[in-house]
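Below: the structure, in C-alpha cells.
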Amino acid sequence: MTGRTPEEMRERVLLWEEGIRADSALYSRITRGVAENDQILRLIQVAPPGQLEMNLLLGAVQYLLIADPLQPLARWYPSLGGTRIDGDVMAEFVPFVLANQEAIIELIGTRRVQTNEVARCAFLLPAYNLVGRLTGRPLALVEIGTSAGLTQNVDRYGYRYVADDATVELSPASPVQLTSNTGRTVPNLARSIPNIVWRAGLDLYPIDINDDDQVRWLRALLWPDRVDRHRRLEAAIDLARRHPPTVIAGDAIDDVAGLLATAPPDAAVVIQHSYVLNQMARADRERFMDVLDGLGAARPVYRVGAESLTRSPRTTLDVTVHGPARETRVLADVHHHGAWIRWERD
Ligand SMILES: C[S@@+](CC[C@H](N)C(=O)[O-])C[C@H]1O[C@@H](n2cnc3c(N)ncnc32)[C@H](O)[C@@H]1O
C-alpha cells in the first residue's frame, strides 16, 4: 500500500496515460476514467512498491476477462473478439472492477508488470551490433529482468527497418517479424543480425512459457486493442518453445556476477535491461552499476539499457562500458515498443 492521496494517484495515472495514449485508444479512455474515480484510485494502491498501478489494474482486468470472455466488458476488447468502439466504456469497466474487487486486489498485490515485448528487439539489435563492432567478438548476452526470456531470441526474429531513403529486411522468413521506422535512413548497425553465441537471463519472478497461467498473465499485460502485439507474443512463445531461453530466478545485484562467470571467456559480455530499472529503488540501481563496474575491472562489461526513468514517457537507449572509468554513450530515443528509433549517430 503506497498511502498516496487521490490527487497524487490521479497525477500518476494521468502521467501513465500520456505514455500509452498514442498506442491504445481503449486504455487511454479507461485510464482517464479511472483518474476520476477515487474508489478505484484507492483500490489500486495495493500495488507493490515500484510497480505501475494502472498497468497492473488493466492487466488484472484483462486476465479475468480472458477466462470469462462473455462478460459485457469484453465486447470492448479486440484481443477477445470485441468490436465495440463507441459509447461509455466506463459504464461497464467500473461495475466490473467493483464486482471483482477481491480478485483484482489479489492480482494487483501479488503480480508484477512483466510485459515481455519482443518488438523491443528492433532497438536492441543495433545496440548489440555496436558492441560486436567495438570488440570484434561474438556476444554473450546476459539479460536482467528477462521476464519470460523472449527478447533473448533477438537473433531469431525478422526485422523490417523502414526509413525515408530505404527499407532493410533481415531474416524475412522468421515467424516473428518486427517493423521499426528509423527516420531519415537505416543505420549501418541495423543492417545485420548480431552474432550471439551464448545467452541467459535473470528475473526476480521468472515467467515459464509452458505454464498456462503465467502465459495468461503475459497476454493480459498487452493492450487489448493491439491485436498485432497479441499475435506477435503468440508467435514468439511458439518460437521460444522450440528455442527455449535460459531464465534463471535471481536478482540483478546479487546474482549477476554468478551468471556472468558462466559466460564463455572469449565472447564480449553484454548485460541488457529494458524497462527494469524503474522497478528498482534508486539506491539499488546505483548498487547494480557499482557491481558492474567491479566486474568490468576483470573483463570488459558492456551494458545495453533501454529505460524510461524520467517523468516524460521518453525511452533512452544507451550503451555503457563498465570498469574503472565508466563511460556511457546515448544511442537513440526509442518508442517503448520499438515502433520507431531516433538514432543519435551511427
Ligand atoms: C517490465 S518487465 C520487462 C521485461 C523485458 N525486459 C522486456 O523488455 O520485455 C520488467 C522485469 O524486470 C524484473 N525485475 C525487476 N527488478 C528486478 C531485479 N532487481 N532483478 C531481476 N529482475 C528484476 C521483473 O520481475 C520483470 O519481469
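Evaluated with a Cβ-only charge set (Lys, Arg +1; Asp, Glu -1), the chain carries a dipole of roughly 760 debye about its Cα centre, given to the nearest 20. The residues S28, S147, when put in order of fewest to most other Cβ atoms within 10 Å, stand as S28, S147.
Considering only beta bridges that DSSP places wholly inside region 118-343, some 45 percent are antiparallel. Relative contact order of the chain: 18 percent, from C-alpha pairs under 8 Å at least 6 residues apart in sequence.
Give the Debye-formula value of log10 I(q)/I(0) at each listed q (0.26, 0.29 Å⁻¹), with one equal scatterer per alpha carbon of region 86-134, two decimals each. Values returned for q = 0.26, 0.29 Å⁻¹ are -0.93, -0.99. Counting every other Cβ atom within 10 Å of each residue's Cβ, T179, T115 order from fewest to most as T179, T115. The calculated Kirkwood hydrodynamic radius for region 6-110 is 13.8 Å, given to one decimal from all distinct C-alpha pairs. Legend: calculated FRET efficiency, R342 to T310, from the Cβ-Cβ distance at R0 = 22 Å, rounded to 0.05, equals 0.85. Among 201-213, 148-160, 293-305, sorting by the average number of other beta carbon atoms lying within 10 angstrom of each residue, highest first, gives 148-160, 293-305, 201-213. On a per residue basis, the convex hull of the C-alpha atoms belonging to the chain measures out at 134 Å³.
No lab work stands behind these numbers, since they all come straight from the coordinates. Remember, predicted model here, so these are calculated numbers, not experimental data. Note that we place each Cβ from the backbone using ideal geometry, even for glycine, and neighbour counts take in every protein chain shown.
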